[in-house]
Amino acid sequence: MSASENTGRATASVNTLAGEIVDRLVAGAERYRVSVSRGSLGELLIDAGAKAAGGIDAGLLLTEICMGGLGKVTLSHAPGAAKWPFWLTVSSNDPVVACLASQYAGWSLSHEKFFALGSGPGRAQARVEKLFEEISYKDRAGRVTIVLESSSPPPKEVVEKVASKSDVSPDKVAFVYAPTQSLAGSVQVVGRVLEVALHKAHELHFPLENIVDGVATAPLSPPHPDFVQAMGRTNDAIIYAGRAHLFVKGPASAAKELAEKLPSSNSRDYGQPFAEIFKAYKGDFYQIDGSLFSPAEALVTAVETGETFRAGKIDEALLDKSFGA
C-alpha cells in the first residue's frame, strides 16, 4: 500500500482504498451497468450514468469512492418520511478525511466549454484547494481517482491537469462520472449528507480535530430528467430530511452550540424546494445562503460527558413538494 502523510488519525491512502473499489466497478461493469474505456492519454474512464445506464448499486460504490474508501454507504428501509421509505446511510470513523479531504466537491476543473467540480481522493493528493491549508492529510499514491458530476468525460487538458497536480502519469488517473439526473448521480449526491454536516461544522469554525466519528442518513431521491429539478431533489433530500449525528471531543457547551447551529432551518433561504430557490437567484448558485447546505436535523454527542444535543427537524411537506408526491 502506498504511504500517506498525516498528523491525524488516518494512515491509509484514500486513493489506494478507493482504487480497490474502482477495480470492483471495472470488474463488475456489466453487473453495475457502467461503461469502461481508456481516453487518448491512457486515463481510465468510467461512465456510471451518462450514456451508460448505471443505477443505484453503481451510485453506492460511487459514493464510497468519493469518500476515499473511508466511508460505509448502505440503502435500507427507514422511518422518517412516510412516502419515501428508502434511505441512504453514510458513516465514517474518520469523517474529516473521508468527507472534507476526499468527498467534498471542491476542485474546479474546466477547459473551454467543459466544467465540473472534482471530488474524490485525487483531491487529497493534488491539494490545490485552500481548504487543505487546514487539513493536514496528504496522500501519496501511485494512482488517483476523481469523481465528476458530469454527462461527459473530461477533455485531455483536464486529464493533464489532474495528472500533473497529482504527480502521476495520465494512465494512472481514473475519472468516474455521472450526471445528477442519473440514478447513480443522484445517489452519490444524497450520499453527501454527512459531508455537508462536516462542511457546515467547518464553516462554523468548530475544531475539525475534535470530530471523531459521524453517521448521517437521507431519503433516496427520485431522479428527474431536468438538471435543475434533479439538483433540487438531491439537495432537498438533505436540506429537508437529512439527519446527521456527530461525535465530538471537547466541552459539552461546544457540542450543544454546534447542534443548534447545524440544521438547515437556520438559513434565510430555508422554506422552498431548492429548485425554486435556485431559479429565484437566476441560477447563480453562489448567491444562495451557504448555511442552507446542511442536514435538516442534527445530533451532536459530547463523547467525554456522554451528553447528546439535538436541533432541527424533518419537513415532510417540503420533501413531498420537491419529490413530486
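When ALA124 is evaluated against the numbered criteria (1) free of Cβ contacts under 8 Å to residues at least 12 places away in the same chain; (2) outside any strand (DSSP E or B); (3) in the same structural domain as ILE46 (by TED's automatic domain parsing), which criterion, by number, is the only one it fails? Looking at each condition in turn, ALA124 falls short on (1).
Within the stretch 25-34, the set of residues being out of contact with any Lys or Arg (no Cβ under 9 Å at 6 or more places or on another chain) and surrounded by 14 or more Cβ atoms within 10 Å (Cβ to Cβ) comprises LEU25, VAL26, GLY28, ALA29, ARG33, VAL34. Applying the set (1) of a type outside the set (Phe, Trp, Tyr); (2) at pLDDT 95 or above; (3) closer than 23 Å to HIS205 by Cβ; (4) in contact with an Asp or Glu (Cβ under 8 Å, 6 or more places away or on another chain) to ARG127 leaves exactly one unmet item: (4).
Counting only residues that are of a type in the set (Val, Ile, Thr) and touching a residue at least 60 places away in the same chain (Cβ under 8 Å), which one in the stretch 35-56 is surrounded by the most Cβ atoms within 10 Å (Cβ to Cβ)? Step by step, filter the stretch 35-56, then rank; the result is ILE46.
Rundown of residues vs (1) assigned by TED's automatic domain parsing to the domain that holds PHE206; (2) in contact with a strand residue (DSSP E or B) (Cβ under 9 Å, 6 or more places away or on another chain); (3) free of Cβ contacts under 8 Å to residues at least 12 places away in the same chain; (4) under 17 Å from ARG243 (Cβ atoms), yes/no style:
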| residue | (1), (2), (3), (4) |
| --- | --- |
| TYR270 | yes, no, no, yes |
| PRO273 | yes, no, no, no |
| ILE277 | yes, no, no, no |
| ALA280 | yes, no, yes, no |
| LEU292 | yes, no, no, yes |
| ALA298 | yes, yes, no, yes |
| ALA302 | yes, yes, no, no |
| ARG310 | yes, yes, no, yes |
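Of all residues in the stretch 298-325, those satisfying the criterion of being in contact with a helix residue (DSSP H, G or I) (Cβ under 6 Å, 6 or more places away or on another chain) and surrounded by fewer than 17 Cβ atoms within 10 Å (Cβ to Cβ) are THR305, GLU307. One residue is enough: does the stretch 141-151 have a residue meeting the conditions surrounded by 22 or more Cβ atoms within 10 Å (Cβ to Cβ), outside the structural domain of ALA237 (by TED's automatic domain parsing), of a type in the set (Lys, Arg) and more than 18 Å from GLY191 (Cα to Cα)? The answer is yes, given that some residue of the stretch 141-151 is surrounded by 22 or more Cβ atoms within 10 Å (Cβ to Cβ), outside the structural domain of ALA237 (by TED's automatic domain parsing), of a type in the set (Lys, Arg) and more than 18 Å from GLY191 (Cα to Cα).
So that you can scan it fast, the table gives a plain yes or no per residue for (1) closer than 16 Å to ILE239 by Cβ; (2) at pLDDT 95 or above:
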residue: GLY283; (1), (2): no, no
residue: GLN287; (1), (2): no, no
residue: PRO295; (1), (2): yes, yes
residue: LEU299; (1), (2): no, yes
residue: THR308; (1), (2): no, yes
residue: SER322; (1), (2): yes, yes
residue: ALA325; (1), (2): no, no
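Quick check: is even one residue across the stretch 136-145 touching a Leu at 6+ places or on another chain (Cβ under 8 Å) and at negative phi? Checked against the condition, which is being touching a Leu at 6+ places or on another chain (Cβ under 8 Å) and at negative phi, the stretch 136-145 yields no hits at all. Checking each residue in the stretch 135-161 for being assigned to a loop (DSSP other than H, G, I, E, B), of a type outside the set (Lys, Arg) and under 22 Å from the mean Cα position of the chain (by Cα) picks out ILE135, SER136, TYR137, ALA141, GLU149, SER150, SER151, SER152, PRO153, PRO154.
Taking into account only those residues within the stretch 97-118 that are in contact with a Phe, Trp or Tyr (Cβ under 6 Å, 6 or more places away or on another chain) and within 24 Å of ASP213 (Cβ to Cβ), which is surrounded by the most Cβ atoms within 10 Å (Cβ to Cβ)?
So in the stretch 97-118, the residues in contact with a Phe, Trp or Tyr (Cβ under 6 Å, 6 or more places away or on another chain) come out as 97, 101, 118.
Going one step further and asking which of them are within 24 Å of ASP213 (Cβ to Cβ), we end up with 97, 101.
Details: VAL97: 28, ALA101: 30.
Ranking the candidates gives ALA101 first.
Condition (residue is among the basic types (Lys, Arg) and in a strand (DSSP E or B)) applied to the stretch 277-291: is it met by at least one residue?
Applying the first criterion (among the basic types (Lys, Arg)) to the stretch 277-291 yields 279, 282.
From the residues that got through so far, the ones that are in a strand (DSSP E or B) too are none.
No; the residues of the stretch 277-291 include none that is among the basic types (Lys, Arg) and in a strand (DSSP E or B).
The values are calculated or read from the model by the stated rules, or taken from the named source; none is laboratory data. None of the values given here were measured: they were computed from a predicted structure. Using ideal geometry, Cβ is built from the backbone for each residue, glycine included, and neighbour counts are taken over all protein chains shown.
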